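Trainee: This is the structure I want to talk about, given as structure tokens.
The values are calculated or read from the model by the stated rules, or taken from the named source; none is laboratory data. Source: prediction; values computed, not measured. All Cβ positions, even for glycine, are placed from backbone atoms using ideal geometry, and neighbour counts span all protein chains on display. When the accessible area is computed, the model is the full protein with side chains, heavy atoms only, and any ligands, DNA or RNA have been set aside. Shrake-Rupley method; radii C 1.70, N 1.55, O 1.52, S 1.80 Å.
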Amino acid sequence: MSELTFEQMLEDTIKTIHSGDVVEGTVIDVKADEIVLNIGYKSDGILTKSEYTNDSSVDLTTVVKPGDTMEVKILKVNDGEGQVVLTYKRLAADRGNKRIEEAYNNREVLKANVVQVLEGGLSVVVEEVRVFIPASLVSDTYEKDLTKYMGQEIEFVISEYNPKRRRYIGDRRQLITARKAEMQRELFERIHEGDVVEGVVKNVTDFGAFVDLGGADGLLHISEMSWGHVEHPRKVFKVGDKLNVLIKEINGSKVALSLKFEDQNPWRDAADKYAIGNVVTGRVARMTDFGAFIELEPGVDALLHVSQISREHVEKPADVLSIGEEITAKIVDFNEADKKISLSIKAMAIPEAVQDNGDEAAAVQAEEDAE
């Protein structure tokens, strides 16, 4: 029996490999764009950066070092120069594909960083497999600019899985919708009419502001923003403002809010402050042909009829008064039920003897009749 040569014995100890095999190798050298591995074959295996990852910015010396072991897949047994061509990326992709399939079947929520913002959506990578999230599935509201998501870790589910076409579609919108529905349910279980809650101004319109209550938006109508007159909501609030608001009404999923708290109602002690005969000071808020409305305090306006502006004849208030002007007048009528107050500057000049013999309104009327 013939003896085996050293070369023959060496050949017997070297394993046989084929394209597609998965083998374990030990890193023996690392360059910025190439890894050399001992895979137990007569030739070393070469793993290029393009076959390690899709990220072209990676420096391989920062991710592996000599002595590390890793599983790789055989691409070619001989590249023409006697070297074995390896891939790590495609092996990871095979495993990633299996991972995505499991997530799709189990409706599992995945997390991944956004690696690219495209014209029609976002691209994320799950274990070397790219998943596309269309713009319409990024959020539950339209977002024109998606660049803010670049580099962010986001959650999504796989809504379409087609490995033959390498089509993997992610959906973030349904997670947001489901989360908001749960938050809304919890919110409506917690709040009641009359409660005071904290909210954040989400949007401001001509007729009011929408306030995020943490699960649902409530409408703060312009008429409920203050006891006083509000010219325009944008002059009072801006997006992001935090407010403590009163739950005025809950109607299904609609919530009406108010900032008109009863303990701040200026009419609570108006009967004392604005009793007939009291002299008050106010500001001209607006004018009509028949009179001027005087703001005595935010939420309390009084009418100064054109006939009560002066003992002299006044054709219309704008002839003698101006918006913002401060005037002093006497209360001649107070109607708490209808929240109406009448003023008179002319009554300030009526002799006290006349005023003492009857009520103020009658004295003014007597003056007018005398004219």
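Trainee: If ligands, DNA and RNA are left out, what is the accessible area of Phe293 with a 1.4 Å probe, given in Å² to the nearest 10?
Mentor: The value for Phe293 is about 50 Å².
Trainee: Just to verify a number: what accessible area does Tyr52 come out at with the full protein assembly present, 1.4 Å probe, Å² rounded to tens?
Mentor: 40 Å²
Trainee: Which cross-chain or sequence-distant (5 or more) residues have an amide H under 5 Å from the amide H of Asn203, H modelled 1.01 Å from N in plane?
Mentor: Here the answer is Phe210, since their amide H atoms fall under 5 Å of that of Asn203.
Trainee: Starting from the amide H of Val126, placed 1.01 Å from N in the peptide plane, find each other amide H under 5 Å away whose residue is 5 or more places distant or on another chain.
Mentor: Under 5 Å from the amide H of Val126 lie the amide H atoms of Val131, each far enough along the sequence or on another chain.
Trainee: Sorting Glu71, Glu198 by accessible area (1.4 Å probe), largest first, what list results?
Mentor: Glu198, Glu71
Trainee: In whole percent, what relative contact order does the range 135-195 give with Cα contacts below 8 Å and a gap of six or more residues?
Mentor: That works out to 32 percent.
Trainee: Another one. Please get the size of the charge dipole for the range 52-147, origin at its Cα centre, with Cβ charges of +1 on Lys and Arg and -1 on Asp and Glu, quoted in debye to the nearest 20.
Mentor: Details: 12 positive and 16 negative charges, 45 e Å.
With only Lys, Arg, Asp and Glu charged at Cβ, the dipole is about 220 debye.
Trainee: State, as an integer percentage, the relative contact order of the range 197-344 based on alpha-carbon contacts under 8 Å between residues 6 or more apart.
Mentor: Normalised by residue count, the contact order of the range 197-344 is 19 percent.
Trainee: Rounded to the nearest 0.05, what FRET efficiency do Lys340 and Asp241 give with R0 = 35 Å and r taken as the Cβ-Cβ distance? Could you check?
Mentor: 0.55
Trainee: Under a Cβ-only charge scheme (Lys and Arg +1, Asp and Glu -1), can you give me the dipole magnitude of the chain about the Cα centre, in debye to the nearest 20?
Mentor: About 1600 debye.
Trainee: Using the crude model of +1 on Lys and Arg Cβ and -1 on Asp and Glu Cβ, and no other charge, please compute the dipole size for the range 45-104 relative to its Cα centre, in debye to 20. Walk me through the intermediate numbers first.
Mentor: On the way: 9 positive and 10 negative charges, 19 e Å.
Rounded to the nearest 20 debye, it is 100 debye.
Trainee: Go through the range 63-76 residue by residue and turn each phi into a ³J(HN,Hα) via Karplus (6.51, -1.76, 1.60, θ = phi - 60°); whole Hz please, and just put x for glycine and proline.
Mentor: Working through the residues one at a time gives 10, 9, 9, x, x, 5, 10, 7, 8, 9, 10, 7, 8, 9 Hz.
Trainee: In the range 223-295, which GluC sites (Glu not before Pro) are in a loop and have at most 11 other Cβ atoms within 10 Å, using DSSP for the loop call?
Mentor: Glu231
Trainee: Out of Pro66, Ser56, Ala349, whose Cα points farthest toward the positive end of the dipole of the chain (charges: +1 Lys, Arg; -1 Asp, Glu; placed on Cβ)?
Mentor: Result: Pro66.
Trainee: Now for a different question. Provide the per-residue ³J(HN,Hα) series for the range 149-166, in order, calculated from phi with Karplus coefficients 6.51, -1.76, 1.60 and θ = phi - 60°, each as a whole number of Hz, with x at glycine and proline positions.
Mentor: So the J values, rounded to whole Hz, are 7, 4, x, 7, 8, 10, 9, 6, 10, 8, 9, 9, 10, 9, x, 5, 9, 6.
Trainee: For q = 0.10, 0.11, 0.12 Å⁻¹, what log10 I(q)/I(0) does the chain give under the Debye formula with an equal point scatterer on each alpha carbon and no solvent?
Mentor: -0.84, -0.92, -1.00
Trainee: While we're looking at this one, here's another question. Expressed as cubic angstrom per residue, what is the convex hull volume of the alpha carbon set of the range 84-233?
Mentor: 141 Å³
Trainee: Would you work out which of Ile158, Leu175, Ile46 lies farthest towards the positive end of the dipole of the chain? Charges go on Cβ: Lys and Arg +1, Asp and Glu -1.
Mentor: Farthest along the dipole direction, towards plus: Ile46.
Trainee: Work out from phi, with θ = phi - 60° and the Karplus expression 6.51 cos²θ - 1.76 cosθ + 1.60, the ³J(HN,Hα) of each residue of the range 212-227, listed in order in whole Hz, and give x for Gly and Pro.
Mentor: 3J(HN,Hα) across the range 212-227, in whole Hz: 6, 9, x, x, 7, 9, x, 9, 9, 5, 4, 6, 10, 7, 6, 5.
Trainee: Find which of Leu257, Pro298, Val30 sits farthest along the positive direction of the dipole of the chain, computed with +1 on the beta-carbon of Lys and Arg, -1 on that of Asp and Glu, about the Cα centre.
Mentor: Towards the positive end, the residue furthest out is Val30.
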